[in-house]
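**Student:** Here's a structure for you.
The values are calculated or read from the model by the stated rules, or taken from the named source; none is laboratory data. The structure displayed is predicted, hence computed values, not measured ones. Note that we place each Cβ from the backbone using ideal geometry, even for glycine, and neighbour counts take in every protein chain shown. Only protein heavy atoms, including side chains, enter the accessible area calculation; ligands, DNA and RNA are left aside. Shrake-Rupley method; radii C 1.70, N 1.55, O 1.52, S 1.80 Å.
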Amino acid sequence: MPQNNTLKGDRANSELSGEEWLCSKAAKNLAPGFSSLQWSPEPFGRAVSTGSCLHMETLGDQSDLAPKVETKLYHRRWFMLFLFSFVSASNAFMWLQYGIISNIFMRFYNIDALAIDWLAMIYLLTYIPLILPILWFLDNRGIRDVVLVGSAFNCIGAWIKIGSASPDTFPVTFFGQFVCSVATVFILGIPSYLASVWFGEKEVSTACSIGVLGNQLGIAIGFLVPPILVPNVDDMDELAHHIRIMFYITAGVATLLFVLVVFVFQERPKIPPTQAQATARSIPPEQYSYIASIRNLLRNKPFMLLVVTYGLNVGCFYAVGTLLNRMIIVHYPGEEVNAGRIGLTIVIAGMVGSLICGVWLDRTKTYKQTTLAVYLLSLVGMIVYAATLSLGHLWVVFITAGVLGFFMTGYLPLGFEFAVELTYPESEGTSSGLLNCSAQVFGIIFTICQGKIIDNYGTLAGNIFLCVFLLIGTIMTALIKSDLRRQNANLQAKAAAERHKSGQDYGATSLISEQQTSSQA
């Protein structure tokens, strides 16, 4: 059974700062290379010297001498990242392929708006009960098996939908969408995990952003393509033909990606990319408890604040994406294609924002400041979008929606990476899974509530409803304590390695001097 390769361990006190944790008793037991515990030679093909320790109490002046383990970056890491991103994109496309042309599917299946909304919200609902078992599966089986099973569910769900291209088969299409929603649970929290396993510390945030971009790319295609493939025609047979073509295309793409994952996707590189990953690999499996890891995360107050704020922000994004067609059609009747283009604008702008935020984090490491700034600007963007939606000028909506998407979608990788920093050395998959679970809960609540508000009071009231919760999230983000544990661990490892090197040089010089003195005597 493949062993987990993330940064995980059972800390004695999850509220310690990164530097304090490294010098704690728990660190001695769990962090070889920062303590006296022996490095495991299996991942590296050779043994590494022991006895080095950062703790001053045990070895005196020699205690801050620590080995620097070999690390390496493989070119194929980019192929793993982009393959996963395309799998995520395929799954995200199927999330929105109904909602963006909701009026067409309502007429085709003869159902109401809430039933169409549930075709999107089933993605959110399925995530909540399944995330903890799948996080356990990730910890015990590894990233390859998780991505493989996720892509399999995605492929199966896509083929089930092909049998639902007739007006009396809504239960079939709902079941197919449910199967695809199970795939989401396997896929959605992987970006930060994959980035840590394959990428160096100077590119890990950028890699996480690209992983998130895959999901956003699928959403963008989901906004753009369905209105083009399924025009609003009156003839039901012709409409069924267009829907069937869309389903066949999605099934073919999902099948191709599944085959690639089976034959190409790998678990992890032979040599770790960072010192932090090297530490993670050396932790014996028996010293890790999945339940204890969850308990540590729930006791981590900064992380729990982030869980709530992330859920509020991303939940608002889910509600806007699900209800976009309804909001646009209210003010601009017959503009289904432009509704899709506005959604595309939101996501494309968000993809740019995600990438910029990832590069910025890799260069500055200002996680708290960047997260707070982007959150505040998401609130401003939502206010401007709400105020301009009903002005009667579609070009204005395109601009304001793009600004909203740049910051609201750009926030996604920030939340993942900030969570990894706050929760080191716990599993990245577990922290991102809890973030996404919060987002699904708030996404369901916001989608249902905003839909009812729009029906009864109009789009302005519905968007103000979201603005209130974005304001609450901004205030809570400002209260998060910035404790960058992963960065502190990497810095401590580098500093220890430098001191170790300097100590070796000094010892050799002293020995030569003593030998010269002895010979002269």
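**Student:** From the protein chains alone at 1.4 Å, what is the descending order of accessible area for 452, 494, largest first? Write out the running numbers ahead of the final one.
**Tutor:** Working: 452 110, 494 80 Å².
Per-residue accessible area, sorted high to low, gives 452, 494.
**Student:** Okay, moving on. Kindly report the accessible area of segment 212-339 per residue (heavy atoms of protein chains, probe 1.4 Å, no ligands, DNA or RNA), in Å².
**Tutor:** On the way: 4770 Å² over 128 residues.
Counting only protein heavy atoms, the per-residue value for segment 212-339 is 37 Å².
**Student:** Accessible area of segment 235-314 with a 1.4 Å probe: how many percent of it is carbon plus sulfur?
**Tutor:** Values: 2190 of 3360 Å².
It is 65 percent, rounded to a whole number.
**Student:** Can you tally the net charge around residue 244? Count Lys and Arg as +1, Asp and Glu as -1, for every other residue whose Cβ sits under 13 Å from the Cβ of residue 244.
**Tutor:** On the way: positive: 161; negative: 237, 238.
The answer is -1.
**Student:** If you count, for each residue, the other Cβ atoms within 10 Å and average over each peptide, how do 261-274, 354-367, 388-401 line up from highest to lowest? Could you put the intermediate results ahead of the total?
**Tutor:** Details: 261-274: 17.6, 354-367: 19.1, 388-401: 16.1.
Result, highest mean first: 354-367, 261-274, 388-401.
**Student:** For residue 292 and residue 468, what is the calculated FRET efficiency with R₀ set at 41 Å and r taken between the beta-carbons, to the nearest 0.05?
**Tutor:** Numbers: r = 37 Å, r/R0 = 0.91.
The computed FRET efficiency comes out at 0.65.
**Student:** Of 368/501; 481/501; 368/452; 202/501; 72/481, which pairs sit farther than 27 Å apart, going by alpha carbon to alpha carbon?
**Tutor:** Listed pairs above 27 Å: 368/501; 481/501; 368/452; 72/481.
**Student:** Residue by residue through segment 310-327, which ³J(HN,Hα) values in whole Hz follow from phi under the Karplus form 6.51 cos²θ - 1.76 cosθ + 1.60 (θ = phi - 60°), with glycine and proline marked x?
**Tutor:** 4, x, 5, 5, 6, x, 5, 5, 4, 5, 4, x, 5, 9, 4, 4, 5, 5
**Student:** Using the Karplus curve 6.51 cos²θ - 1.76 cosθ + 1.60 with θ = phi - 60°, work out ³J(HN,Hα) for each residue of segment 466-483 in order, rounded to whole Hz, and write x for Gly and Pro.
**Tutor:** Karplus values, whole Hz, x for Gly and Pro: 5, 4, 4, 6, 5, 5, 4, x, 5, 5, 5, 4, 5, 8, 6, 6, 7, 10.
**Student:** Shifting gears a bit: Name the shape class, rounded, prolate or oblate, that the alpha-carbon gyration tensor gives for segment 134-208, where a ≥ b ≥ c are the square roots of its eigenvalues, rounded holds for a/c under 1.5, and otherwise prolate holds if a/b is larger than b/c and oblate otherwise.
**Tutor:** Values: a/c = 3.91, a/b = 2.57, b/c = 1.52.
Because a/c hits 1.5 or more and a/b exceeds b/c, segment 134-208 counts as prolate.
**Student:** Using the Karplus curve 6.51 cos²θ - 1.76 cosθ + 1.60 with θ = phi - 60°, what ³J(HN,Hα) values do you get for each residue of segment 349-360, in whole Hz, with x for Gly and Pro?
**Tutor:** 4, x, 4, 5, x, 4, 5, 4, 5, x, 4, 4
**Student:** Can you grab the distance from the C-alpha centre of segment 466-494 to the C-alpha centre of segment 329-380, Å, no decimals?
**Tutor:** 19 Å
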